[in-house]
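The values are calculated or read from the model by the stated rules, or taken from the named source; none is laboratory data. In this text the structure is predicted, and so the values were computed from the model without any measurement. Note that we place each Cβ from the backbone using ideal geometry, even for glycine, and neighbour counts take in every protein chain shown. In case anyone asks, the SASA skips ligands and DNA or RNA and just uses the protein heavy atoms, side chains included. Shrake-Rupley method; radii C 1.70, N 1.55, O 1.52, S 1.80 Å.
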Amino acid sequence: MSENNEETTTIGARLKAARTAKGLTIDDLQQITKIQKRYLIAIEDEQFDKLPGDFYVRAFVKQYAETVDLDGNALLEEYRDQLPSVHTETIVENVDEVQPTRVASREQPASPASRVRNYLPTIIVTAIVVLILLFIWFMAVRTHAGSNSSTSADSSSVQVSSSKKQSSSSKASSSAKSSSKASSAKEQTIKANGSSDTAYTLTNGADKNKVVIKSTKAAWTSVTTNGTQTWQGTLKADGSHTLTLPSNATTVKFQFGNATATTVTINGKAFNFNPKNSTSQVRTITLTIK
(Lines give C-alpha, C1' and ligand atoms only; values in the text may rest on other atoms or scores of the structure.)
Protein backbone atom coordinates (compact mmCIF):
# COMPACT_ATOMS: atom_id res chain seq x y z
CA MET A 1 0.00 0.00 0.00
CA SER A 2 2.79 2.44 0.93
CA GLU A 3 4.58 1.81 -2.39
CA ASN A 4 1.39 2.65 -4.35
CA ASN A 5 0.91 5.84 -2.34
CA GLU A 6 4.47 6.97 -3.10
CA GLU A 7 3.99 6.32 -6.81
CA THR A 8 0.75 8.35 -6.97
CA THR A 9 2.03 11.28 -4.84
CA THR A 10 1.99 14.47 -6.91
CA ILE A 11 4.99 16.76 -7.15
CA GLY A 12 3.17 19.54 -5.27
CA ALA A 13 2.33 17.27 -2.36
CA ARG A 14 5.87 15.88 -2.34
CA LEU A 15 7.40 19.38 -2.09
CA LYS A 16 4.92 20.54 0.55
CA ALA A 17 5.62 17.44 2.67
CA ALA A 18 9.40 18.08 2.48
CA ARG A 19 8.89 21.72 3.46
CA THR A 20 6.70 20.77 6.42
CA ALA A 21 9.24 18.16 7.52
CA LYS A 22 11.94 20.88 7.68
CA GLY A 23 9.63 23.06 9.75
CA LEU A 24 9.51 25.85 7.16
CA THR A 25 6.51 28.04 6.38
CA ILE A 26 5.72 29.51 2.97
CA ASP A 27 7.01 32.86 4.26
CA ASP A 28 10.31 31.23 5.35
CA LEU A 29 10.65 29.63 1.91
CA GLN A 30 9.98 32.95 0.18
CA GLN A 31 12.70 34.65 2.26
CA ILE A 32 15.23 31.89 1.48
CA THR A 33 14.55 31.38 -2.25
CA LYS A 34 13.37 34.93 -3.10
CA ILE A 35 10.52 33.32 -5.12
CA GLN A 36 7.24 35.17 -4.68
CA LYS A 37 4.86 33.57 -2.20
CA ARG A 38 2.05 33.27 -4.76
CA TYR A 39 4.31 31.25 -7.07
CA LEU A 40 5.31 28.89 -4.21
CA ILE A 41 1.63 28.31 -3.38
CA ALA A 42 0.87 27.73 -7.09
CA ILE A 43 3.64 25.09 -7.24
CA GLU A 44 2.25 23.23 -4.22
CA ASP A 45 -1.27 23.42 -5.73
CA GLU A 46 0.19 22.43 -9.14
CA GLN A 47 -1.37 25.48 -10.79
CA PHE A 48 1.61 25.93 -13.12
CA ASP A 49 -0.31 28.25 -15.44
CA LYS A 50 -0.04 30.96 -12.75
CA LEU A 51 3.78 31.04 -13.13
CA PRO A 52 5.47 33.44 -15.63
CA GLY A 53 6.28 30.69 -18.13
CA ASP A 54 7.25 27.05 -18.69
CA PHE A 55 10.95 27.74 -18.11
CA TYR A 56 10.21 29.35 -14.73
CA VAL A 57 8.09 26.33 -13.70
CA ARG A 58 11.07 23.97 -13.95
CA ALA A 59 13.55 26.51 -12.51
CA PHE A 60 11.34 27.36 -9.50
CA VAL A 61 10.51 23.69 -8.81
CA LYS A 62 14.21 22.79 -8.86
CA GLN A 63 15.15 25.65 -6.49
CA TYR A 64 12.22 24.77 -4.17
CA ALA A 65 13.34 21.11 -4.10
CA GLU A 66 16.99 21.84 -3.32
CA THR A 67 15.99 24.25 -0.53
CA VAL A 68 14.04 21.48 1.23
CA ASP A 69 16.91 18.95 0.77
CA LEU A 70 15.52 17.13 -2.29
CA ASP A 71 17.45 16.34 -5.49
CA GLY A 72 16.13 18.95 -7.93
CA ASN A 73 17.26 17.22 -11.15
CA ALA A 74 15.97 13.82 -10.02
CA LEU A 75 12.62 15.34 -9.05
CA LEU A 76 12.22 17.03 -12.44
CA GLU A 77 12.97 13.75 -14.20
CA GLU A 78 10.61 11.76 -11.97
CA TYR A 79 7.67 14.14 -12.49
CA ARG A 80 8.43 15.27 -16.04
CA ASP A 81 4.94 14.16 -17.18
CA GLN A 82 3.32 16.50 -14.61
CA LEU A 83 5.40 19.52 -15.60
CA PRO A 84 4.94 21.65 -18.72
CA SER A 85 7.66 21.19 -21.33
CA VAL A 86 9.28 23.91 -23.42
CA HIS A 87 7.85 23.73 -26.98
CA THR A 88 10.34 23.64 -29.85
CA GLU A 89 7.95 23.78 -32.85
CA THR A 90 8.21 27.57 -33.19
CA ILE A 91 12.00 27.37 -33.10
CA VAL A 92 12.03 24.78 -35.91
CA GLU A 93 9.67 26.91 -38.01
CA ASN A 94 11.87 29.96 -37.52
CA VAL A 95 14.94 28.00 -38.60
CA ASP A 96 13.15 26.87 -41.77
CA GLU A 97 12.22 30.47 -42.59
CA VAL A 98 15.73 31.84 -42.02
CA GLN A 99 17.64 29.03 -43.77
CA PRO A 100 16.87 30.10 -47.39
CA THR A 101 18.09 33.60 -46.62
CA ARG A 102 21.40 32.23 -45.31
CA VAL A 103 21.85 30.07 -48.41
CA ALA A 104 21.12 33.03 -50.67
CA SER A 105 23.63 35.18 -48.81
CA ARG A 106 26.34 32.54 -49.30
CA GLU A 107 25.66 32.44 -53.02
CA GLN A 108 26.25 36.19 -53.42
CA PRO A 109 29.89 37.02 -54.23
CA ALA A 110 31.72 39.01 -51.58
CA SER A 111 32.44 42.64 -52.45
CA PRO A 112 36.01 44.07 -52.32
CA ALA A 113 35.13 46.09 -49.24
CA SER A 114 33.84 42.94 -47.55
CA ARG A 115 37.07 41.06 -48.35
CA VAL A 116 39.11 43.91 -46.86
CA ARG A 117 37.04 43.79 -43.67
CA ASN A 118 37.64 40.05 -43.43
CA TYR A 119 41.42 40.49 -43.62
CA LEU A 120 41.52 43.63 -41.43
CA PRO A 121 42.02 41.76 -38.08
CA THR A 122 44.96 39.82 -39.58
CA ILE A 123 46.54 43.04 -40.86
CA ILE A 124 46.20 44.72 -37.46
CA VAL A 125 47.70 41.73 -35.59
CA THR A 126 50.63 41.57 -38.03
CA ALA A 127 51.32 45.30 -37.59
CA ILE A 128 51.30 44.95 -33.80
CA VAL A 129 53.74 42.00 -33.96
CA VAL A 130 56.11 43.99 -36.20
CA LEU A 131 56.03 46.97 -33.80
CA ILE A 132 56.78 44.70 -30.83
CA LEU A 133 59.75 43.12 -32.64
CA LEU A 134 61.12 46.58 -33.55
CA PHE A 135 60.80 47.70 -29.93
CA ILE A 136 62.64 44.59 -28.67
CA TRP A 137 65.43 45.16 -31.21
CA PHE A 138 65.76 48.83 -30.19
CA MET A 139 65.97 47.96 -26.48
CA ALA A 140 68.56 45.24 -27.17
CA VAL A 141 70.78 47.70 -29.09
CA ARG A 142 70.40 50.33 -26.36
CA THR A 143 71.24 47.83 -23.60
CA HIS A 144 74.30 46.60 -25.47
CA ALA A 145 75.56 50.18 -25.91
CA GLY A 146 75.01 50.97 -22.22
CA SER A 147 76.83 47.80 -21.22
CA ASN A 148 79.93 48.79 -23.24
CA SER A 149 80.05 52.28 -21.72
CA SER A 150 79.68 50.98 -18.15
CA THR A 151 82.68 48.61 -18.49
CA SER A 152 84.96 51.59 -19.18
CA ALA A 153 84.05 53.37 -15.90
CA ASP A 154 86.70 53.88 -13.23
CA SER A 155 87.03 50.93 -10.77
CA SER A 156 86.98 53.24 -7.75
CA SER A 157 83.58 54.62 -8.80
CA VAL A 158 82.26 51.08 -9.10
CA GLN A 159 83.45 50.29 -5.57
CA VAL A 160 81.85 53.43 -4.12
CA SER A 161 78.61 52.68 -5.91
CA SER A 162 78.69 49.09 -4.68
CA SER A 163 79.21 50.15 -1.06
CA LYS A 164 76.31 52.62 -1.30
CA LYS A 165 74.05 49.89 -2.70
CA GLN A 166 75.01 47.48 0.11
CA SER A 167 74.31 50.16 2.74
CA SER A 168 70.95 50.97 1.14
CA SER A 169 70.10 47.25 0.92
CA SER A 170 70.91 46.63 4.59
CA LYS A 171 68.75 49.61 5.64
CA ALA A 172 65.85 48.37 3.51
CA SER A 173 66.21 44.86 4.98
CA SER A 174 66.21 46.15 8.55
CA SER A 175 63.18 48.37 7.80
CA ALA A 176 61.30 45.38 6.30
CA LYS A 177 62.08 43.24 9.38
CA SER A 178 60.85 45.90 11.80
CA SER A 179 57.70 46.38 9.71
CA SER A 180 57.11 42.62 9.67
CA LYS A 181 57.45 42.42 13.47
CA ALA A 182 55.02 45.31 13.95
CA SER A 183 52.40 43.75 11.66
CA SER A 184 52.73 40.27 13.22
CA ALA A 185 52.06 41.75 16.68
CA LYS A 186 48.51 42.61 15.58
CA GLU A 187 46.28 39.56 15.21
CA GLN A 188 42.77 39.46 13.85
CA THR A 189 40.05 38.91 16.46
CA ILE A 190 36.29 38.48 16.26
CA LYS A 191 34.44 38.86 19.57
CA ALA A 192 30.78 38.96 20.54
CA ASN A 193 29.35 42.26 21.72
CA GLY A 194 28.71 41.41 25.37
CA SER A 195 26.46 38.37 25.82
CA SER A 196 24.90 38.75 22.34
CA ASP A 197 25.12 35.87 19.90
CA THR A 198 23.98 37.99 16.92
CA ALA A 199 26.35 41.00 17.14
CA TYR A 200 30.16 40.75 16.79
CA THR A 201 33.16 43.06 16.31
CA LEU A 202 36.15 42.39 13.98
CA THR A 203 39.45 44.06 14.88
CA ASN A 204 42.85 44.03 13.15
CA GLY A 205 41.35 42.69 9.93
CA ALA A 206 42.71 43.23 6.42
CA ASP A 207 42.28 46.39 4.34
CA LYS A 208 39.87 44.39 2.16
CA ASN A 209 38.57 41.44 4.18
CA LYS A 210 38.12 38.14 2.29
CA VAL A 211 34.97 36.21 3.25
CA VAL A 212 34.38 32.55 2.34
CA ILE A 213 30.89 31.07 2.90
CA LYS A 214 30.44 27.27 2.76
CA SER A 215 27.46 24.98 3.28
CA THR A 216 27.00 21.26 3.83
CA LYS A 217 23.40 21.42 2.54
CA ALA A 218 21.41 23.70 0.26
CA ALA A 219 21.46 27.09 2.00
CA TRP A 220 20.42 30.61 1.05
CA THR A 221 22.70 33.43 2.28
CA SER A 222 22.70 37.22 1.92
CA VAL A 223 25.59 39.64 2.67
CA THR A 224 24.90 43.39 3.08
CA THR A 225 27.77 45.89 3.49
CA ASN A 226 27.14 49.40 4.87
CA GLY A 227 23.43 48.97 4.09
CA THR A 228 23.99 47.86 0.47
CA GLN A 229 23.56 44.22 -0.57
CA THR A 230 26.94 42.80 -1.61
CA TRP A 231 25.81 39.28 -2.56
CA GLN A 232 22.92 36.86 -2.13
CA GLY A 233 22.36 33.37 -3.46
CA THR A 234 21.55 29.75 -2.68
CA LEU A 235 24.54 27.44 -2.23
CA LYS A 236 24.19 23.78 -3.15
CA ALA A 237 25.29 21.00 -0.80
CA ASP A 238 29.07 21.24 -0.17
CA GLY A 239 29.09 24.51 -2.14
CA SER A 240 31.04 27.69 -1.36
CA HIS A 241 31.19 31.35 -2.35
CA THR A 242 34.07 33.83 -1.89
CA LEU A 243 33.71 37.60 -1.77
CA THR A 244 35.99 40.53 -0.83
CA LEU A 245 34.54 43.34 1.27
CA PRO A 246 35.36 46.92 0.23
CA SER A 247 38.04 48.78 2.19
CA ASN A 248 35.46 51.23 3.60
CA ALA A 249 33.27 48.47 5.06
CA THR A 250 32.26 49.21 8.68
CA THR A 251 29.12 47.10 9.11
CA VAL A 252 28.38 43.71 7.52
CA LYS A 253 25.04 41.92 7.94
CA PHE A 254 24.84 38.17 7.25
CA GLN A 255 21.41 36.56 6.71
CA PHE A 256 21.37 32.76 6.77
CA GLY A 257 18.51 30.61 5.54
CA ASN A 258 20.13 27.41 6.84
CA ALA A 259 22.50 28.61 9.58
CA THR A 260 23.21 25.17 11.08
CA ALA A 261 24.62 23.95 7.74
CA THR A 262 26.63 27.13 7.00
CA THR A 263 30.18 28.13 7.99
CA VAL A 264 32.04 31.43 7.45
CA THR A 265 35.75 32.25 7.41
CA ILE A 266 37.22 35.79 7.31
CA ASN A 267 40.78 36.16 6.04
CA GLY A 268 41.27 32.42 6.48
CA LYS A 269 40.09 32.35 10.12
CA ALA A 270 36.81 30.76 11.23
CA PHE A 271 34.00 33.11 12.27
CA ASN A 272 32.05 31.26 15.00
CA PHE A 273 28.74 33.11 14.67
CA ASN A 274 26.86 30.40 16.60
CA PRO A 275 28.77 29.91 19.88
CA LYS A 276 25.61 28.93 21.76
CA ASN A 277 24.82 26.18 19.20
CA SER A 278 21.44 27.61 18.29
CA THR A 279 19.29 25.24 16.23
CA SER A 280 17.48 28.08 14.44
CA GLN A 281 17.97 27.83 10.67
CA VAL A 282 17.02 31.41 9.76
CA ARG A 283 19.41 33.81 11.52
CA THR A 284 20.72 37.37 11.07
CA ILE A 285 24.26 38.22 12.25
CA THR A 286 25.75 41.77 12.40
CA LEU A 287 29.54 42.27 12.23
CA THR A 288 31.15 45.64 13.04
CA ILE A 289 34.62 46.21 11.53
CA LYS A 290 37.12 48.40 13.38
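Worth a mention:
- The accessible-area ordering, largest first, of the residues Asp207, Asp49 stands as Asp49, Asp207, per a 1.4 angstrom probe.
- Entries in Lys62/Lys236; Lys191/Lys217; Lys214/Lys269; Lys34/Lys236; Lys186/Lys269; Lys191/Lys253 that, when Cα-Cα distance is taken, lie over 19 Å: Lys191/Lys217
- Label-point gap, in nm, between Val116 and Gln188 - each point 7 angstrom along Cα→Cβ: 5.8
- Area accessible to solvent at Tyr79, 1.4 Å probe radius, in Å²: 10
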